[in-house]
Amino acid sequence: MLSPELPLDDWLARLDDLAGRSAGFFLERPIVLDVAELDIDRTQLKELLAELANRNVRIMGIEGGRPSIMGPGMPPAMRGGRPAPDVEVPAAEPAQAAEKAAEVLPEAQPIRAPASMIVREPVRSGQSIIFPEGDVTVIGSVASGAEIIAGGSVHIYGTLRGRALAGSVGNAGARIFCRRLEAELLAIDGVYKTAEDMAPDLRGQAVQLWLDGDSIKAERLN
Amino acid sequence: MAKVVVVTSGKGGVGKTTSSAALGAALAQRGEKTVVVDFDVGLRNLDLVMGAERRVVYDIVNVIQGDAKLPQALIRDKRLDTLFLLPASQTRDKDSLTAEGVEQVMNDLKRHFDWIICDSPAGIERGATLAMRHADVAVVVTNPEVSSVRDSDRIIGLLDSKTEKAELGERMEKHLLLTRYDAVRAERGDMLKVDDVLEILSIPLLGIVPESMDVLKASNIGAPVTLADSRSAPALAYLDAARRLAGETVPMTIPGEKRGLLGKIFGRRAA
């Protein structure tokens, strides 16, 4: 997760400095941009995204952005993301140390409940199933543009084409299971993976996904 | 007992109006009294496709606002005396449709007709939700391409949540009408195949209408496809679809492919 500070020019210079010192720092990593502390408008956000794109930093989601500054063509808005430690800035300079402190969010309390939710129909595009209390099982497919958000694990007896977010209230042990993986986005405990970052050989397969440290692991079920 | 059918799709330009006119005419050709209602206030086209544009005096908005009585607004087709049109207004917008007004009109129509075909506007806003609100059956018109399929999926979700039937806890009957289908391009991979669309949408198939010049020709002469040339491939597809809608079992054929084999493959999926 990146949390830019104003003025943006200075912050970008520091980012360049950091990237220069550790080659490939942002390469191939999905980054969430945290703009909650940033007082900018849509145009400025657009410029910032362009600057980051020039540096090959791939932003897969924007967190803490007011709806008014979000625009078409921007990465989707997200909530409840966790700063991944491997993207944190080393505490080389005092300014960066302060930035690191700001990134640490209060740990969410895990909710333990033996609850589960069964959805007996396909989840259609635009529908959102939110069940923070426990597992969600879908008997059918999850369409492109639909999402399942579960406090526990997500089980899909069909094709997962939309988004599945497991462990949404802070449960690193949650998993995602699906009979056929065509997902747009997968998340476990706030760690995200977009379709572009998934191994192509998993597409169309029965797959389970879990969290190992700060990366999502996947394996075929058959 | 009248049956209310909404013809909907989410996406524009997939063939809702063409299909409404063709299915309406096909049902009327069976001798059942049918009215096709245009809900696309502000962008009405059904009158053109049915060749009644020069006969529109009053429209659905006039009826809702009490400026005209329902029989004054209904236009009887010149070719088929069982087919009627209730046109939309071209000068108003969709906000002139009120929930109470639409309900009143639908209740009146139900007393006089066997079939009420509601031609929904594109989108998921007021016009579209009012068109589907009182339906017993939905015909989801889809082209074999990804954006149309996704929008149809969205509409199916709304049919299961925003309609009167859904609010009463009943299940809305939904059928897929695949239009502008081209078997050669689907085989080449330029288009989704029938199976792919069915797998994604998982609702029963009502019919497959081939991409054809006959459709354009028919709308240019202002005749529903099934009336313009009832022997053309799209007309046959619509006539079969109407029979299935009326509850008959008709083997499914995919235009441009051999009949026997496909009857076997798709027969079981027929609505």
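The values are calculated or read from the model by the stated rules, or taken from the named source; none is laboratory data. Since we're looking at a predicted model, the values are computed, not measured. Using ideal geometry, Cβ is built from the backbone for each residue, glycine included, and neighbour counts are taken over all protein chains shown. We work out accessible area using only protein heavy atoms, side chains counted, and drop any ligands, DNA or RNA first. Shrake-Rupley method; radii C 1.70, N 1.55, O 1.52, S 1.80 Å.
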To the nearest 20 debye, what is the magnitude of the charge dipole of chain B about its Cα centre, counting +1 on the Cβ of each Lys and Arg and -1 on the Cβ of each Asp and Glu?
600 debye
Using a 1.4 angstrom probe and counting only protein chains, how large is the accessible area of residue A:63 in Å², to 10?
20 Å²
Please report the accessible area of residue B:217 (heavy atoms, 1.4 Å probe, ligands and nucleic acids excluded) in Å², nearest 10.
130 Å²
Relative contact order (percent) for region B:76-216, with alpha-carbon contacts under 8 angstrom and 6 or more residues of separation?
19 percent
Let me check against my output: what whole-number percent is the relative contact order of chain B, with C-alpha pairs under 8 Å and at least 6 apart?
24 percent
Give me the one-decimal Kirkwood hydrodynamic radius in Å for the protein assembly as shown, with the sum taken over alpha-carbon pairs.
25.4 Å
I want the local charge near residue B:42. Using Cβ-Cβ distances under 13 Å, sum +1 for each Lys or Arg and -1 for each Asp or Glu among the other residues.
-2
Straight-line reach from residue B:78: which lysines have a Cα under 20 Å away, not including same-chain ones fewer than 8 places off?
B:33, B:217
Solvent-accessible surface ranking, highest first, for A:119, B:6 at 1.4 angstrom:
A:119, B:6
At a probe of 1.4 Å, how much accessible area disappears from chains A and B on forming the pair, both sides counted, to the nearest 100 Å²?
900 Å²
Taking every pair of alpha-carbon atoms in region B:134-240, what share in percent sits in each 5 Å bin, from 0 to the bin with the longest distance?
2, 12, 20, 19, 18, 15, 9, 4, 1
Burial order of peptide ranges B:72-78, B:224-230 (average beta-carbon count within 10 Å, highest first)
B:224-230, B:72-78
For the protein assembly as shown, calculated [θ]222 nm from helices alone, where every DSSP H run of n ≥ 4 adds -39500 (n - 2.57)
-8500 deg cm²/dmol
Pop out the carbon and sulfur fraction of the accessible area of region B:104-248 as a percent, whole number, probe 1.4 Å.
48 percent
For peptide A:124-130, what's the mean number of Cβ atoms from other chains within 10 Å of each residue's Cβ?
6
How well do other chains shield peptide B:149-159, expressed as the mean number of their Cβ atoms within 10 Å of each residue Cβ?
6
Surface per residue (accessible, 1.4 Å probe) for the protein assembly as shown, Å²:
46 Å²
Test of understanding: what is the full-extension gain from residue A:50 to residue A:70, defined as 0.36 nm times their sequence separation minus their Cα-Cα distance?
5.8 nm
Estimated FRET transfer efficiency when R0 is 30 angstrom, pair residue B:100-residue B:76 (beta carbons, to 0.05)
0.65
Region A:113-222: relative contact order in percent, alpha carbon pairs under 8 Å with at least 6 residues between
17 percent
Residue B:119: net charge of surrounding residues, Cβ under 12 Å, Lys/Arg +1, Asp/Glu -1, itself excluded?
-1
From other protein chains only, count the Cβ atoms within 10 Å of every residue's Cβ in A:143-152, then give the mean.
3
